[in-house]
Amino acid sequence: MIVSRNKLGQLALIAQGTFGKVFRVLHFTLDGGRTPLAYKEFLPTTGSEAVDAAQTAVTFRAGLSASDQGDLDRYAAWPRALVEDGPGQIVGFLMPLLVNDFFISLPDPPSTEVRDLNWLIATPDQLRANKVEQDIDHVERLLLLAQLCYAIGRLHKHGWVYGDLSYMNAAFALDPPRLMLLDCDGSARLTDPNRQQGTTPYWEVPELEGSPPVQTLQDCQTDVFKLALATLRGLTPGRMVSTARNVKRLDGILPPNGIELVRRALSPNRSERPTAKELFVYLADTVTVLTSPPEIDVARVVNPVCFSGQDVVLAWKIRSATEIVVRALGRPEVRLDPGAYPDGYVFKAPHSTEVVVEAGNRYGTARAELGLVMVFDLPEVKVALPGVSTPSMAAAGAHLAEMSEPIARSEFPRPVVPALPRHDLEAPLREVLAASGIGQLQSTAGNGLDQAHRAVARSASQVGRQVTESADELRELLGKALESALREKLPSALKEADR
């Protein structure tokens with residue numbers, strides 16, 4: 001499409017530089033007024049290459065389906081029509097005008113300028129120096145960079161390379177976060193062997209450098225390298241960020257798989273670099289996880305019927321929550337850290353109650369009603385225990401008496417060990433003990449103790465059998481009492497819960 005410059009009507013200058021001049025078109029439109037337009041006018045010295053590139057860009061968009069046109073227009077200020085000042089004399093082109101959200105107001109002196117990616121990496125000191133209040137959180141940065149990767153990835157899908165990606169060549173808005181590619185007339189078809197695309201300082205790609213360089217044409221892999229630089233720098237604003245290339249800046253900002261993806265994209269080995277689509281998918285998925293409401297996959301009461309004083313056990317599997325709240329009627333709500341309680345929670349319910357679990361984050365909440373927990377008082381059960389005789393020590397005493405009596409009556413002489421000739425020093429000890437009478441004393445005492453031990457063991461065994469029989473009877477009585485209590489109280493509790 002070609003439009004005569006005379007038809008544009010009144011224009012208002014927006015910006016000018018080495019690229020030419022950009023005007024706001026105040027009245028003329030291409031689609032009945034739906035899309036405000038800007039007019040980029042070439043400098044008189046602009047070569048034919050720039051004119052040919054603009055014409056190719058206009059032709060490319062015109063050949064897209066309505067759906068692809070809408071997708072391109074959503075993320076790129078793409079040339080819509082050529083402007084001529086006389087037959088065959090192309091002097092510029094028309095493109096969508098950035099809406100006010102993509103501009104930032106500067107108070108001193110009062111002015112506005114495009115909110116380009118320089119504002120994404122601005123440090124707090126730079127913001128204060130410009131008297132600008134701006135707070136871009138991590139999720140918003142991820143979302144803006146995902147859109148940048150998407151826009152360039154879509155160009156790759158259609159066989160185009162963007163080329164001169166830099167802070168100046170994309171603008172963003174914050175409410176809601178969205179991004180727009182600028183200077184799209186510098187893009188080129190990958191099939192064009194004569195394409196000439198620049199590179200902004202500090203955005204150099206390894207294979208385009210050197211004497212001679214490995215290659216001179218930019219392509220999808222060089223675009224991906226620059227996207228990785230934009231991602232690294234856009235996620236880590238701060239000192240020296242404008243020239244940063246070290247992925248260690250991302251430690252603590254992205255998980256290891258994200259850091260590895262950016263490292264690959266910055267690799268001097270072109271074959272190791274991912275595609276723009278891979279970068280987009282990773283960033284978009286990360287945004288989805290961080291901005292989705294929590295999901296409660298499983299939540300249940302393990303023991304919905306219990307006795308007073310018994311633990312009520314909750315089990316759950318909850319994703320993407322920053323807080324979990326447990327509510328039980330008649331009991332203060334409990335707020336939990338999901339990291340500290342990943343699998344569930346235990347509490348005591350003094351009475352029957354409804355239990356509700358809520359999981360929340362800044363993007364929403366999820367709720368699970370776990371139903372009624374029925375709490376019963378343990379019934380009082382009186383059990384008459386059979387008499388348990390205490391161990392009788394009579395038998396043991398008799399044996400002890402038998403053992404001690406001969407000791408009391410016997411008057412053992414003090415053992416005298418006979419003098420042994422020197423050659424008998426190696427005689428067996430038992431012969432020495434036998435000669436002194438000590439062996440007889442040891443035997444008598446040992447027999448008495450053995451008999452006492454056996455008597456005590458027999459008494460303990462009898463007591464153990466009696467205790468076991470009594471415990472079995474008590475267990476049977478408690479079971480019957482519990483069954484009776486449940487039959488009596490459960491129907492009324494269920495009816496109360498139904499009401």
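Between amide H atoms placed 1.01 Å from N, distances below 5 Å from Ala15 occur with Val22, all of them 5 or more places distant or on a separate chain. Charged side chains reduced to their Cβ positions (Lys and Arg at +1, Asp and Glu at -1) give the range 1-97 a dipole of some 320 debye around its Cα centre.
Do any of Lys248/Lys277; Lys7/Lys40; Lys21/Lys157; Lys157/Lys277; Lys157/Lys248 go past 20 Å between their Cα atoms, and which? Violating the 20 Å limit, Cα to Cα: Lys248/Lys277; Lys21/Lys157; Lys157/Lys248. Look at where the Cα atoms of the range 218-247 and of the range 112-159 average out, and the two centres are 12 Å apart. The residues neighbouring Gln196, those whose beta-carbon lies less than 12 Å from its own, together hold a net charge of -3 under the Lys/Arg +1, Asp/Glu -1 convention. Each of Gln126, Cys149, Ala170 was scored by the projection of its Cα onto the charge dipole of the range 93-173, and the greatest displacement toward the positive side belongs to Cys149; charges sit on the C-beta of Lys, Arg, Asp and Glu.
Which value, in debye to the nearest 20, gives the size of the charge dipole of the range 295-376 about its Cα centre, when Lys and Arg are +1 and Asp and Glu are -1 at the Cβ? Intermediate values should be presented prior to the final figure.
Values: 9 positive and 10 negative charges, 13 e Å.
Dipole magnitude for the range 295-376 comes out near 60 debye.
What translational diffusion coefficient, to the nearest whole µm²/s, does the range 156-275 have by Stokes-Einstein, given a Kirkwood radius computed over alpha-carbon pairs, a temperature of 25 °C and 0.890 mPa s viscosity?
Details: Rh = 15.3 Å.
My calculation gives 160 µm²/s for D.
For the range 103-116, the Karplus equation 6.51 cos²θ - 1.76 cosθ + 1.60, evaluated at θ = phi - 60°, returns couplings of 10, 10, 8, 10, x, 9, x, x, 6, 10, 8, 4, 7, 8 Hz by residue, with Gly and Pro reported as x. Amide H contacts for Leu37 (H built 1.01 Å from N in the peptide plane; partners 5 or more residues away or on another chain; cut-off under 5 Å): Val25, Leu97. Each of Asp192, Asp185 was scored by other Cβ atoms within 10 Å of its Cβ. Arranged with the fewest first, they read Asp192, Asp185.
Computed from backbone phi with θ = phi - 60° and the Karplus coefficients 6.51, -1.76 and 1.60, the 3J(HN,Hα) list for the range 167-175 is 4, 7, 9, 8, 10, 9, 10, 10, 9 Hz; x is used for glycine and proline.
Under 5 Å between amide hydrogens, built in the peptide plane, is the criterion, and for Gln197 it picks out Gln218 among residues at least 5 positions away or on other chains.
What FRET efficiency do you get for Ile253 and Gln89 if R0 is 51 Å and r is their Cβ-Cβ distance, rounded to the nearest 0.05?
Once rounded, the FRET efficiency stands at 0.50.
Quote the FRET efficiency, to the nearest 0.05, computed for Thr200 versus Val346 with a Förster distance R0 of 41 Å and r equal to the Cβ-Cβ distance. All intermediate terms of the calculation are to be shown ahead of the outcome.
Working: r = 59 Å, r/R0 = 1.45.
Plugging the Cβ-Cβ distance into 1/(1 + (r/R0)^6) gives 0.10.
Taking only the alpha carbons of the range 295-376, we obtain Rg and Dmax values of 12.2, 40 Å in that order. Shown for Thr199, Thr123: other C-beta atoms within 10 Å of each C-beta, ranked fewest to most, produce the order Thr123, Thr199. With a Förster radius of 41 Å applied to the beta-carbon distance between Leu290 and Ser65, the computed FRET efficiency rounds to 0.80. The slack between Gln55 and Thr123, meaning 0.36 nm per residue of separation minus the straight C-alpha distance, is 20.5 nm.
No lab work stands behind these numbers, since they all come straight from the coordinates. All values derive from a computational prediction rather than experimental measurement. Every residue, glycine as well, gets a Cβ built from its backbone with ideal geometry; the counts of neighbours run over all protein chains shown.
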